[in-house]
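**Student:** So that we are looking at the same thing, I have put the structure below in structure tokens.
The values are calculated or read from the model by the stated rules, or taken from the named source; none is laboratory data. Since we're looking at a predicted model, the values are computed, not measured. In this analysis, Cβ positions are derived from the backbone assuming ideal geometry, glycine residues included, and neighbour counts consider all displayed protein chains. Just so you know, the surface numbers come from the protein's heavy atoms only, side chains and all, with ligands and any DNA or RNA stripped out. Shrake-Rupley method; radii C 1.70, N 1.55, O 1.52, S 1.80 Å.
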Amino acid sequence: MEKQNTITRKISIGLIIGLIILVTAVAFAVTSRNETIQPQRSPEEPSAALETNKDLSKAILNVSDMSCSGCIATIKGSLEGIQGIKDILVDLGSGKVEVYYDQALLADPAPIASAITAAGYPAKVLKTVSAEEIRKENNLAASKANVYIASVSGYDISRADFDVEMKVAKQRLQKSYGDELTNPNATALNDRLKAQVASILIDEGILLREIDRAGYKVDEKTMNTELEGYIRESGKTEKEFEKSVLDAGYKYDYFKKKFEAGLLINRYVDEKVLADAKDSNDRRRIFASWFNNSRGLTEVVYYDKDIEKAIKNQSASSNCCASR
């Protein structure tokens, strides 16, 4: 019997031509986070002064058991006594902590991991970045920002995709709320929208990166068959369907690209991640564990610093700390 949970059965027409990357797999991740604790980042950024410090190095640590702003405060407090530390950035969503330090004063980052671990958050140094490498990173980000907004462990997130989704999202909001987005006081609303769209694209990137690493593929014939079935289920002719995609603000080639990404994600998650799941709760639990592990092993590098700031501020404002 044909599987009932293919993409043509799972995703409504409104979703597939909306933010099309919100496939079932990503929806599981969002549901899981809402049911537990939302990911959060510390809103601070390295200052320009830090970036020009010739002795400035950076340690990137994997840190367990972080959940919200209270955890950030505890981690930062645990490092107050270590000489040479200049700034601390905490990304709760990925379980990463970046510590900028003066290598002339702190030759080895091992005491950083020890202090965070002693505070109740098991920490391990993943890698260190020298001052020269930091300068190269900043130059690379500036040069790539015109084409990409971020990189997910080498998987670049297209600025063109981001611009398309932002344009469509703004059009929808304007239909509902008039010209609020063009109001000079709507900066916060624009930043929230920017953060939401970029976060979704990054989540998609994490999923596609994991699927690519696994070597999983869906052949072109299957892709075409699923798309044809999806169009039939919409009750429209092919031309009518293409027009509905254009009316929603998308070019048809872009729609097809995102449809194929959604199909690939759904097939992989169904066949490889959730194959042994017993019910919907089990599916959410298994997927959340797999996705969070994948996210924890992923390094996100932002080329667009405005988008990075919007995501950090959005995440930080949406959480409060539960007592440990």
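**Student:** Look through region 52-67, keep the residues that are modelled with pLDDT under 80 and out of contact with any strand residue (DSSP E or B) (no Cβ under 8 Å at 6 or more places or on another chain), and return whichever of them is most open to solvent (accessible area, probe 1.4 Å).
**Tutor:** Taking region 52-67 and keeping what is modelled with pLDDT under 80, we get 52-55, 67.
With out of contact with any strand residue (DSSP E or B) (no Cβ under 8 Å at 6 or more places or on another chain) added as a condition, the list becomes 52, 54, 67.
On the way: Thr52: 109, Lys54: 147, Ser67: 26 Å².
It comes out as Lys54.
**Student:** I'd like to verify a number: residues in region 300-314 that are among the polar types (S, T, N, Q) and either at positive phi or surrounded by fewer than 20 Cβ atoms within 10 Å (Cβ to Cβ) (or both), how many?
**Tutor:** At the first step, the residues of region 300-314 found to be among the polar types (S, T, N, Q) are 313-314.
Checking which are either at positive phi or surrounded by fewer than 20 Cβ atoms within 10 Å (Cβ to Cβ) (or both) leaves us with 313.
Residues that pass the stated criteria total 1.
**Student:** Another question about this same structure. Just checking, does region 208-230 include any residue being at pLDDT 90 or above, of a type in the set (Asp, Glu), within 18 Å of the chain's Cα centre (by Cα) and open to solvent by 50 Å² or more (accessible area, probe 1.4 Å)?
**Tutor:** Yes, region 208-230 contains a residue that is at pLDDT 90 or above, of a type in the set (Asp, Glu), within 18 Å of the chain's Cα centre (by Cα) and open to solvent by 50 Å² or more (accessible area, probe 1.4 Å).
**Student:** Can you tell me which residues in region 288-299 are open to solvent by 40 Å² or more (accessible area, probe 1.4 Å) and outside any helix (DSSP H, G or I)?
**Tutor:** Our first condition is that a residue be open to solvent by 40 Å² or more (accessible area, probe 1.4 Å); within region 288-299, this holds for 289-290, 292-293, 297, 299.
If the condition is that a residue be open to solvent by 40 Å² or more (accessible area, probe 1.4 Å) and outside any helix (DSSP H, G or I), then Leu297, Glu299 are the ones that fit.
**Student:** If a residue has to be surrounded by 15 or more Cβ atoms within 10 Å (Cβ to Cβ), without any contact (Cβ under 8 Å) to a residue 40 or more places away in the chain and of a type in the set (A, V, I, L, M) to count, how many in region 231-272 make the cut?
**Tutor:** 1
Okay, residues lined up against (1) at pLDDT 90 or above; (2) open to solvent by less than 20 Å² (accessible area, probe 1.4 Å):
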| site | (1), (2) |
| --- | --- |
| Thr128 | yes, no |
| Lys136 | no, no |
| Ala142 | no, no |
| Ala150 | yes, yes |
| Gly154 | no, no |
| Val164 | yes, no |
| Lys170 | no, no |
| Leu173 | no, no |
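**Student:** List the helices (runs of 4 or more DSSP H) inside region 202-287, counting only whole elements, that have at least 1 residues being in contact with a strand residue (DSSP E or B) (Cβ under 6 Å, 6 or more places away or on another chain) and β-branched (Val, Ile, Thr).
**Tutor:** Fully inside region 202-287 and qualifying: nothing.
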